[in-house]
Amino acid sequence: MTKFKAFSFLLIGIFLFACSKKPAPDHTHLYEEIRHVNKMEFASMAVTKTVKTERSDWYKVGKRIAVYSFDTYLKAYIDLYQFEMENMEFDEENKTVKVTLPPVKVEIAGRDMEMKKEYENVGMFRTEIDSKERAKMKEKASAELKKELGGNPEYKQRLEDTARRKARSYFENLFKNAGYTAFIRFSDEITGGGDYNLKNYD
C-alpha cells in the first residue's frame with residue numbers, strides 16, 4: 001500500500017510538473033506582420049534634374065535652345081521579403097528579442113515624371129522640339145543623374161543613415177507593443193563588425 005501511494009504521488013508530481021511547463025510562444029504573427037510589406041520605405045529625397053539642348057548650326061537661320069527639368073526622388077527602403085523567422089532571437093525570460101534586418105537599399109524612383117519647360121527659344125526657321133526629342137533628352141538626363149549620384153556617395157549615405165534610424169524606431173515600437181524590448185541590427189553590419197544597438201543589454 002505504501003509503495004502504491006508513493007507511486008501515485010510520483011505520477012501526480014510528474015503530471016503537475018508537466019502542466020506547469022508553458023509551451024513556447026508562437027511568434028508567427030509577428031513574422032507575418034513584418035513580411036506583409038515587401039519593400040518598406042523609410043526615407044526619401046527629392047531631386048530636380050535640368051537638361052539643355054542647343055543647336056546653332058552656321059548654315060541654319062535662327063537659334064534652337066531649350067531647357068527642361070524633371071523631378072524625381074531617391075528612396076531608401078528595406079526589402080522585407082528577405083526577412084526570415086531565424087532573424088528573430090527571443091529571450092522569453094527577459095522579454096527581449098534580437099532582430100537582424102535586411103540591409104537598407106537606395107534607388108532612384110519617379111522616372112516617369114513629366115518634363116517641365118524652363119526656357120525655350122526656337123527660331124522661326126527651326127523645327128520645334130517634339131515629344132520624341134524630349135524623351136531622348138530625359139533618357140540622357142536620367143543616365144547623367146544616376147552617374148552624378150553614384151559619384152557623390154553623400155546623398156546615399158545620408159539617406160541610409162536616416163532610414164536605419166527610422167527603421168530601428170519602427171521595429172522597436174512594433175516589438176514593444178508585443179511585450180518585448182527589441183535590439184536591432186542590419187545584416188550588412190555583421191561582416192563589418194556591427195552589433196545590435198544593445199543600450200543596457202548585457
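Please treat every number below as a calculation from the coordinates, not as lab data. This is a predicted model, so every value here is computed, not measured. For neighbour counting, all protein chains shown are included, and Cβ atoms are generated from backbone atoms with ideal geometry for every residue, glycine included.
For a Förster distance of 22 Å, can you work out the FRET efficiency between the beta-carbons of residue 55 and residue 108, rounded to the nearest 0.05?
The pair residue 55/residue 108 has a calculated efficiency of 0.15.
If the cut-off is a Cα-Cα distance under 15 Å, which aspartates and glutamates reach residue 117, setting aside same-chain residues fewer than 8 apart in sequence?
54, 71, 128, 130, 133
If you stretched the chain out fully between residue 89 and residue 37, how much longer would it get, using 0.36 nm times the residue separation minus the C-alpha to C-alpha distance?
Contour length minus Cα-Cα distance gives 16.6 nm.
Among the listed pairs 39/136; 39/132; 52/136; 138/166; 98/166; 52/75, give every one whose C-alpha distance is greater than 23 Å.
Checking Cα-Cα distances, 39/136; 39/132; 138/166; 52/75 exceed 23 Å.
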